[in-house]
Amino acid sequence: MRSEFADGNGTLWADRRRLRDYAKVGRMLLLQRIVIYSSAIFLAGAYYNWWIALITYAFTLAAEIYDGATFRRILVTRQWTEKAVRRSMRDIYIGTAISATVISAFAISFAILQGPETGHFMPLFMLFSAAVFAAINNHHFLPVLALRLTIYVAAILYIPIRDLWIVRPPLSSELWLHFFTVLFVLGFIVECSRSFLVGYSNYLRNLHNLEREHERTKAAYKTKTQFLSTVSHELRTPLTSIKGSLEIISSGILGEPPEKMAKPLDIATRNARRLADLVNDLLLLQKAEAGKIDYFFENADVGDLVQEVVERFRPFADRRNISITTDPEASGHFARFDKVRLDQVITNLLSNATKFSYDDGEVRVMLSHHEGNVRISVSDDGIGISDASRPKIFQEFSQVDSTNARQFEGTGLGLNISKRIVEAHGGAIDFTSKPGVGSTFFIDLPEEDAPAQSAPVKDAA
Ligand code: ADP
């Protein structure tokens with residue numbers, strides 16, 4: 001069994017697993033076994049001899065108590081060492097030897113009481129059942145199963161051989177037929193045990209491979225996260241200075257740039273901004289994945305924030321001649337939110353709504369009460385989203401059009417980050433959409449009563 005698991009750790013892992021499985025099954029069946037043995041012993045007592053039945057019962061109970069204590073010890077052990085494994089194995093061998101011997105002695109005693117030429121239906125059936133039970137439930141360790149089966153097989157063979165020895169019948173006698181039948185059934189028990197053993201070993205090997213694969217995936221994921229985080233940090237500093245310098249040049253503070261430079265300067269500035277946005281999104285995503293975004297929750301009027309974001313965003317929309325209309329009665333909707341983070345989410349929805357709108361379109365921002373929530377919705381009459389694309393929308397790096405020739409800029413991170421932020425608020429984000437007609441993205445935040453003046457509360461989510 002040991003050679004299946006290549007390294008030393010694998011062997012200890014397999015031993016531990018086998019021990020736990022063995023103890024779990026053993027404990028689960030403890031009561032069932034006691035009921036079966038008690039009924040069988042009681043019947044034997046009633047039909048044959050109470051003394052033998054009672055003595056067997058006492059030994060059986062003692063064996064079960066010993067096994068029960070072993071199972072318990074195995075199941076509570078957390079630190080497995082080679083020594084602890086050896087000690088548990090010793091206890092299992094002792095328990096197995098005692099219980100198999102008690103059952104065999106019990107069956108042999110009644111077979112002797114029955115005398116030869118009685119078929120020994122009861123003791124042989126008892127022993128066969130016990131052997132099949134062991135094959136089904138005690139197949140975790142080959143040597144343990146082998147020990148138990150050897151004791152049962154010895155008893156099963158002893159009963160008909162003893163009859164043959166005493167009676168010395170001719171080969172045509174039924175006693176010989178009993179003996180051959182016993183051999184045949186023993187073959188069946190061996191085959192049954194073998195297939196349970198093989199099945200369990202395969203299960204264990206697959207489980208071990210799966211666990212190793214899981215560990216490897218976890219390590220690769222950690223490396224990816226570390227790499228992304230380091231690269232993003234390293235990119236951010238030079239990028240911020242490039243972006244800042246380009247903006248200063250474009251602003252004309254250093255003197256009006258020549259006409260010929262206007263276009264390349266604009267391209268450079270826009271792309272530096274895009275790169276900076278991507279790096280910031282990447283950093284935020286890493287933080288969100290690690291659950292390290294700090295939130296400063298505050299009970300405040302959502303309408304005020306929405307109005308503020310819309311006014312700040314309006315110039316961007318104006319550039320494409322897209323008008324933004326807001327709910328005229330937007331105030332009086334209170335919720336607990338982090339102003340900076342929710343600002344970011346609404347800005348992202350506005351940015352998408354304008355980006356995916358047709359020129360001269362309209363974006364509507366509304367506030368409403370919805371099933372105990374404050375609902376912020378951002379609607380556009382843009383290109384819309386098909387049902388087939390729906391599952392991708394909130395995934396990381398996911399864009400409906402992800403081809404190189406795509407028409408719209410973006411990283412595919414905005415909605416994923418938005419979802420994480422909204423969920424950290426105990427809220428939800430979703431959308432309805434029709435291709436070619438438009439989309440409505442909405443955020444639901446648990447509604448609060450208007451606050452008594454209070455200080456912000458810091459939460460790490
Ligand atoms: P990005 O906009 O940076 O690509 P997002 O995560 O914000 O990333 O959006 C993911 C994708 O969802 C977008 O690329 C786009 O395909 C789709 N999408 C988001 N908002 C809209 C919208 N208002 N109309 C149509 N498609 C949208």
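The values are calculated or read from the model by the stated rules, or taken from the named source; none is laboratory data. Note that this is a predicted model, so its numbers are computed, not measured. A quick note on method: Cβ atoms are made from the backbone with ideal geometry, for glycine too, and the neighbour counts reach across all protein chains shown.
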Check on Ala135, surrounded by 15 or more Cβ atoms within 10 Å (Cβ to Cβ) and in contact (Cβ under 8 Å) with a residue 12 or more places away in the chain = yes
Do we have Phe334 as assigned by TED's automatic domain parsing to the domain that holds Asp444 and either farther than 17 Å from Glu362 by Cβ or at pLDDT 95 or above (or both) here?
-> yes
Does Val374 count as within 16 Å of the ligand (Cβ to nearest atom) and in contact with an Asp or Glu (Cβ under 9 Å, 6 or more places away or on another chain)?
-> no
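Test Val363 against the stated conditions and say whether it is within 15 Å of the ligand (Cβ to nearest atom), more than 26 Å from Ala450 (Cα to Cα) and of a type in the set (A, V, I, L, M).
For Val363, the condition - within 15 Å of the ligand (Cβ to nearest atom), more than 26 Å from Ala450 (Cα to Cα) and of a type in the set (A, V, I, L, M) - is met.
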Can you find even one residue in region 18-27 that is closer than 23 Å to Tyr93 by Cβ and modelled with pLDDT under 90?
-> no
Could you tell me which of the residues Ser351, Ser357 is within 10 Å of the ligand (Cβ to nearest atom), surrounded by 13 or more Cβ atoms within 10 Å (Cβ to Cβ), part of a helix (DSSP H, G or I) and not aliphatic (A, V, I, L, M)?
-> Ser351
Quick check, is Ala63 under 41 Å from the mean Cα position of the chain (by Cα) and at pLDDT 90 or above?
-> yes
Have a look at Ser104, Ser88 and point out the one that is under 19 Å from Ala62 (Cβ atoms) and among the polar types (S, T, N, Q).
-> Ser104
Unmet criterion (only one of (1) more than 16 Å from the ligand (Cβ to nearest atom); (2) surrounded by 12 or more Cβ atoms within 10 Å (Cβ to Cβ); (3) under 27 Å from Glu362 (Cα atoms)) for Asn321 = (2)
Identify, please: which residue in region 377-393 is surrounded by 18 or more Cβ atoms within 10 Å (Cβ to Cβ) and of a type in the set (S, T, N, Q) and is, among those, nearest to the ligand (Cβ to nearest atom)?
-> Ser379
Would it be correct to say that Leu342 is within 16 Å of the ligand (Cβ to nearest atom), assigned to a helix (DSSP H, G or I), farther than 28 Å from Ser245 by Cα and within 32 Å of the chain's Cα centre (by Cα)?
-> yes
For Glu396, state whether it is assigned to a loop (DSSP other than H, G, I, E, B), at pLDDT below 95, near the ligand (Cβ under 8 Å from one of its atoms) and surrounded by fewer than 20 Cβ atoms within 10 Å (Cβ to Cβ).
-> no
For region 293-337, the count of residues that are part of a helix (DSSP H, G or I) and closer than 19 Å to Glu447 by Cβ equals 6
Looking at region 434-461, which of its residues are modelled with pLDDT of 75 or more and either of a type in the set (D, E, K, R) or crowded, with 17+ Cβ neighbours inside 10 Å (or both)?
-> Lys434, Gly438, Ser439, Thr440, Phe441, Phe442, Ile443, Asp444, Leu445, Glu447, Glu448, Asp449
Pairs only if they're at least six apart or on different chains, beta carbon under 6 angstrom, first in region 190-216 and farther than 19 Å from Leu147 by Cβ and touching a residue at least 24 places away in the same chain (Cβ under 8 Å), second in a helix (DSSP H, G or I) and among the charged types (D, E, K, R); list them, first residue then second.
-> Arg205/Glu4
May I ask you to say which residue of Glu329, Glu289, Glu362, Glu308 is surrounded by 15 or more Cβ atoms within 10 Å (Cβ to Cβ) and either touching a helix residue (DSSP H, G or I) at 6+ places or on another chain (Cβ under 9 Å) or not assigned by TED's automatic domain parsing to the domain that holds Lys419 (or both)?
-> Glu289
